[in-house]
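The values are calculated or read from the model by the stated rules, or taken from the named source; none is laboratory data. All figures in this text were calculated on a predicted structure; none of them were measured in a lab. FYI the Cβ positions are ideal-geometry reconstructions off the backbone, even for glycines, and counts take in every protein chain you see. For the accessible areas, the whole protein counts, side chains as well, though only heavy atoms, and no ligand, DNA or RNA atoms are used. Shrake-Rupley method; radii C 1.70, N 1.55, O 1.52, S 1.80 Å.
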Amino acid sequence: MNMGISGISDMINQTGTAASSSKANALQDKLGGNLSKASEEELMSVCKEFEAYFVEQVMKEVEKTIPKNEEEDGSMSQLKDYFKEEMIQKLSGQICEQQELGLAQQMYEQMKRNYNL
């Protein structure tokens, strides 16, 4: 089976879009579910996941403000974008683990009050 650069690029774009959508849907299912019987650890875990997702989305929007290199080859740009997505996801997770942003903690405390845990 012969696949050109454009085919590979399309496949990478589809995979990245599907992964991002899947992650958002999974988080939405957790947050939209009934958390009234969740343990404190499960509740905090969901809050931390949301915080990491939020930081990831902020980083993606900030990245859009950086000017693009017009001389760059299109297929290489798409490959770079794919790995950039992976890097942003890992970096956002590390930021939330190492830095105390406080968003997860505030959400956790509010949800504890709402669910009387």
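Only one entry in Tyr115, Tyr82, Tyr108 is among the aromatic types (Phe, Trp, Tyr) and under 14 Å from Glu49 (Cα atoms), namely Tyr108. Residues that are open to solvent by 80 Å² or more (accessible area, probe 1.4 Å) and part of a helix (DSSP H, G or I) within the stretch 66-109 comprise Met76, Lys80, Phe83, Met87, Lys90, Gln94, Glu97, Gln98, Gln106, Glu109, listed in sequence order. Could you look through the stretch 36-59, keep only residues that are of a type in the set (Ser, Thr, Tyr) and assigned to a loop (DSSP other than H, G, I, E, B), and pick out the one that is farthest from Leu91 (Cα to Cα)? Of everything passing the filter in the stretch 36-59, Ser36 is farthest from Leu91 (Cα to Cα). Only one of the numbered conditions (1) in contact with a Leu (Cβ under 9 Å, 6 or more places away or on another chain); (2) hydrophobic (A, V, I, L, M, F, W, C); (3) open to solvent by 40 Å² or more (accessible area, probe 1.4 Å) is not met by Cys47, and that is (3).
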